[in-house]
Amino acid sequence: MSNASTVWRFRQPSVLPGFGLALGFTIAYLSLIVLIPLSGVGVRAAALGWDGFWAMVTDERTVKALQVSFGTSLIAAFVNVVFGTLVAWVLVRYRFPGRRLIDAAVDLPFALPTAVAGIALAAIYAPNGWIGSLLAPLGIKVAFTPVGIVVALIFVGLPFVVRTVQPVMEEIDRDVEEAAATLGANRFQTITRIILPSLTPAILTGFGLAFARAVGEYGSVIFIAGNIPYVSEIAPLLIVIRLEEFDYAGATAIAAIMLVISFFMLFAINLVQAWNRRRYGYGS
Amino acid sequence: MDVSIRNVRKEFDRFPALRNVSLDIHSGELIALLGPSGSGKTTLLRLIAGLETPTEGSIFFGAEDASMKSVQERNVGFVFQQYALFRHMTVAENIGFGLKVRKGNARPPKEEIRKRALELLDLVQLSGLENRYPNQLSGGQRQRVALARAMAIEPRVLLLDEPFGALDAQVRRELRRWLREIHDATGHTTVFVTHDQEEALELADRVVVMSQGRIEQVGTADDAYDRPNSPFVYGFIGDSSELPVRVEGGQVWLADRTVGLSVENVPDGNASLYFRPHDITLLDGCGGCIAGTVAASRRVAGTRRVELEVGGAQYRVEIELPVDHPAKEQSRIAFRPNRWKLFPEQQGASVQSG
Ligand SMILES: Nc1ncnc2c1ncn2[C@@H]1O[C@H](COP(=O)(O)OP(=O)(O)OP(=O)(O)O)[C@@H](O)[C@H]1O
Ligand SMILES: [Mg+2]
């Protein structure tokens, strides 16, 4: 371990050949599919000049929209981490009639056109909908508020957490839990001190994916959000509004700042992952 | 802590993994559970730990019925075959885990736990590795950490499932001696599972030989080797040769010849004769002997193992010859076992030589 970290090498000798080819392909592929289109955003934004860009980005409506987008996405990702892990737990650990159906249903948010989901959710949570009419007497408004946005984002993000956590959970050794029990740990201690720590990397990945998906989500949100400027208007919608006004510069500026923020948040999650991995020594 | 297993039966979906097992383990004893794969060794160990519940019967720790107690309450140290270390914890944290999860006053202060972990690490000869993570250790080192972790809770019984199963022969022998030393130093009542008879015979005070969910024999290494009480044990422990014979008029017969062994108080009928390949006398003529032609011969260390076809090529037995013995293939050899054991086919007492 110590000599590996002191002598840094570009390329570790490996039993599998083809490093050069694989790296070349990766870079070319990523360039075509991801980097070049995204750098287009950067180039257009740069054309605005720093002052122009800054003015666009600090415009109050933009700031509010960004706050709504990232705020609701974070909340939704957190909720998904908690309940997605729970769903994965139930699916992995218990055998009950209908388990396979539920397992399959988890993927539905992937498959459903998001607009359909948005319309369905809006109908249910509207003040005269099934659930909305139950919540209305309590003074809780879901549809057409930021709460509604969170609900929609939870919906689209759920599979990401479940599907990243589930396989890792299946791999957990029964031995390890039994060892904890023989050492005197009760069920709760076993879960919090043994099981959850070993799931952390998967949970973090699930969080990152659900969050990223939520930030970019458009279709389902616009139907349930109400889209009130300064209150429940998300940044992707604002981009579309700017485009419809032929304000391409404004649209690119918002897109660029969203990219930057998203990139840094995902990068931070990756750093935590790497730290985690090094600490527990999985992987290389 | 005395452990007493009383008439325990364990079924998995109707499949009987243990059938009516009773065993008394004395305080401070080092006991080996020995048996072929699938004989129920792990199941018995897990029942003692409380990781499984018996279908019938009960398990006593001292005078106390432990059957209804949970794993956590039983306070046993269990060492798993695959170590089952917590890989997100350092070695010291692994060892201290059992103390850390204790409630209220029973939980020692942090420094105390760390100190205890370091002491145990010293005991298992791994001082200086306390801050490593499990995946930075070799197999043998992990095994020792697992043992230290199990001992940290001052268990009433220490249970080890094939503790050296995954290690190479050299390390196994080393750890074996070392486990004996630790046992003598700490005096924990210890039960370990193995399918390696050499390990069981060398290490344990008493060996429990199991087969198909039953205990065949409980005894010292000498008991198991010299006084096996069933054909299974005779065949399982050490090398053995078996011949189907017939008892008639106090004599043992192989086909139409007498073998030259006389038995008393054995009713006439079919029986199985067991003897050790090395424990025989070669004879020249054959007035009461086992005779056969050499079918195969191979060199094993300091001796030569020969397979003989006897009784008109019906049966094959193995015997050991000196290396310089002139026997070749097809040559005829006559011998008589020095020590042997006869198991009558009908239920009845077995008989053995002197
Ligand atoms: N959880 C289980 N469900 C069903 N059958 C089981 C279970 N555990 C054990 N068995 C069966 O019980 C029998 C005894 O198993 P056990 O694990 O005790 O054997 P063992 O003596 O430890 O064998 P080995 O030396 O291979 O580890 C086997 O036939 C096994 O298939
Ligand atoms: Mg086993």
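The values are calculated or read from the model by the stated rules, or taken from the named source; none is laboratory data. From a predicted model like this one, the values you see are computed outputs, not experimental measurements. Neighbour counts are summed over all protein chains in view; Cβ atoms, including those assigned to glycine, are modelled from backbone coordinates with ideal geometry.
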Please indicate, with yes or no, whether at least one residue in region B:31-53 is of a type in the set (K, R) and within 14 Å of chain A (Cβ to nearest Cβ).
-> yes
Checking A:E178 against (1) surrounded by 22 or more Cβ atoms within 10 Å (Cβ to Cβ); (2) of a type outside the set (F, W, Y); (3) touching a Leu at 6+ places or on another chain (Cβ under 6 Å), the condition it does not meet | (1)
In the set B:F78, B:F86, B:F97, which member is in contact (Cβ under 8 Å) with a residue 12 or more places away in the chain, in a strand (DSSP E or B) and of a type in the set (F, W, Y)?
-> B:F78
Would region B:102-122 turn up any residue that is out of contact with any helix residue (DSSP H, G or I) (no Cβ under 7 Å at 6 or more places or on another chain), within 19 Å of A:F188 (Cα to Cα) and facing chain A (nearest Cβ under 8 Å)?
-> yes
Scan of region B:155-166 for residues that are surrounded by fewer than 21 Cβ atoms within 10 Å (Cβ to Cβ) and either under 28 Å from A:R277 (Cβ atoms) or within 11 Å of another protein chain (Cβ to nearest Cβ) (or both), ordered by number = B:A166
Search result, residues across region B:1-49 that are hydroxyl-bearing (S, T, Y), within 9 Å of ligand 1 (Cβ to nearest atom) and assigned to a loop (DSSP other than H, G, I, E, B) = B:S37, B:S39
When every residue in region B:123-153 that is charged (D, E, K, R) and away from chain A (no Cβ under 11 Å) is compared, the one surrounded by the most Cβ atoms within 10 Å (Cβ to Cβ) is B:R144
Are there any pairs, at least 6 apart or on different chains, whose C-beta atoms fall under 7 Å, with the first in region B:39-59 and over 14 Å from B:V79 (Cα atoms) and the second among the polar types (S, T, N, Q) and within 16 Å of ligand 2 (Cβ to nearest atom), and if so, which?
-> B:S39/B:S211; B:S39/B:Q212; B:E52/B:T43
Listed residues A:A210, A:A202, A:A185; which is at pLDDT 90 or above, within 14 Å of chain B (Cβ to nearest Cβ), under 19 Å from the mean Cα position of the chain (by Cα) and buried (at least 19 other Cβ atoms within 10 Å of the Cβ)?
-> A:A202
